[in-house]
Amino acid sequence: MSGGAGDLRPGTRAVHAGLPAARLGEPFLPGPVLASSFHLAGDADPAAGYGRFGNPTWERYEAALGELEGGEVVSFASGMAAVSAVLLALVRPGDVLVCVDDAYPGVRSIAREHLEPRGVEVRGVPTDDAALLAALPGARLVWVESPSNPELRVVDLPALAAAAGAAGALLAVDGTLATPLRQRPLELGVALSVASGTKALSGHSDLLIGHVASRDPELLAQVRAWRALTGGIPGPFEAWLAHRSLATLGIRVERQEANAEALAGLLAAHPAVRGARWPGVGCVVAFELAGAGPAQRFIDACRLVADATSFGGVHSSAERRARWGTDAVGEGFVRFSCGVEDTEDLLADVAAALDVIAG
Ligand SMILES: Cc1ncc(COP(=O)(O)O)c(C=O)c1O
């Protein structure tokens, strides 16, 4: 392939990202390197030599994601391993952490159960531009999720990034829902783009992986050193599967978004449904039914929709989010993740399930 990656659309970039130059008889994407130890030649090599320090399969995956994110990437065993690397390696006792109240529950737990007791001031704020701007003075790190989930709020990232920079704070954005196909936080001035690749990025509900992207080599060095020390490394097989899955990211997201838009339209027009929303990117649609019973009966009545947590997979799934007790949502709140089924089939299935609860 010739020409810079910059002249290509994101879906095309995802097909080719991180692949080695064509060589006669070689595969497009070389297989996973399964190794804990590598041959060394006399001197120590802190970047290689041992499977916790480096692995060619992750490095290829990181190069691929770096092309999509527009920065350098450090990959992790899961989204939470990536989150904790940022929060625990970059926030010190005496620092102020601003964290949105509807961040992924694990993020809030790290802040409250591990940072606060170590002398970090944690400021919880709603996912709201004015509230975030007001919380900036004195902050070391600002953590937002945009679009947030499960409530699907969005933040003006360029404005917040500029204000955070002026206040001397680092802005970290969890962009799991949008994926770098739809949102590249680093291009918007954000210091750290963090995501769970367990969701739409890998998209098949068959692995956990995560990453941190940045354009700041010093921040990345701290995050990478944290990974090598604590061992939150991705398995080579998972990294390889995630890399393989990037090739279909564009078509998966296109279909998921087409399904999400159509589903949001159907739900908005249905008398049993309140508050149907889709933020315009990603696979998740949120809505409310009249309590826990109707919401669970709806999910159970769908034939094509798995009762499952998480989102972003090729198979549609839904859950009554209040069952976990971790989010400020009503008992009838449903988080619906659109898969890649044919739109007509998915809509017919949902419409029939809504008839069941109405009848
Ligand atoms: C927005 C968001 N960030 C982070 C995570 C954590 O990712 P993982 O489950 O891969 O550790 C999740 C998981 O659900 C998530 O939804």
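Every read-out reported here was derived from the displayed coordinates using simple, explicitly stated rules and does not represent laboratory data. These numbers were taken from a predicted model, which means no experiment stands behind them. Cβ: placed from backbone, ideal geometry, glycine included. Neighbour counts: every protein chain shown.
Look at (1) within 16 Å of the ligand (Cβ to nearest atom); (2) surrounded by fewer than 21 Cβ atoms within 10 Å (Cβ to Cβ); (3) over 18 Å from T309 (Cα atoms); (4) not acidic (D, E) and you find that H211 fails only one, number (2). Being out of contact with any Cys (no Cβ under 6 Å at 6 or more places or on another chain), surrounded by fewer than 18 Cβ atoms within 10 Å (Cβ to Cβ), on the phi < 0 side of the Ramachandran plot and hydrophobic (A, V, I, L, M, F, W, C), is that true of even one residue in region 249-265? Looking through region 249-265, at least one residue is out of contact with any Cys (no Cβ under 6 Å at 6 or more places or on another chain), surrounded by fewer than 18 Cβ atoms within 10 Å (Cβ to Cβ), on the phi < 0 side of the Ramachandran plot and hydrophobic (A, V, I, L, M, F, W, C).
Hey, could you check region 61-84 for residues that are more than 12 Å from A213 (Cα to Cα) and crowded, with 23+ Cβ neighbours inside 10 Å and say which is farthest from the ligand (Cβ to nearest atom)? So the residue we want is Y61. Checking each residue in region 134-180 for being assigned to a helix (DSSP H, G or I), closer than 23 Å to V73 by Cα and away from the ligand (no atom under 16 Å from the Cβ) picks out P158, L160, A161, A162, A164, G165. Checked against the criterion of being within 29 Å of E62 (Cβ to Cβ), surrounded by fewer than 17 Cβ atoms within 10 Å (Cβ to Cβ) and within 19 Å of the chain's Cα centre (by Cα), the candidates P180, P185, P105, P147 yield just one match: P105.
Scanning region 87-102 for residues that are within 15 Å of T230 (Cα to Cα) and either more than 16 Å from the ligand (Cβ to nearest atom) or under 14 Å from the mean Cα position of the chain (by Cα) (or both) turns up A89, L90. Of the helices (runs of 4 or more DSSP H) lying entirely inside region 6-92, the ones with 3 or more residues being of a type in the set (D, E, K, R) are found at 56-69. Here T12 fits the description: within 25 Å of Q256 (Cβ to Cβ) and not aliphatic (A, V, I, L, M).
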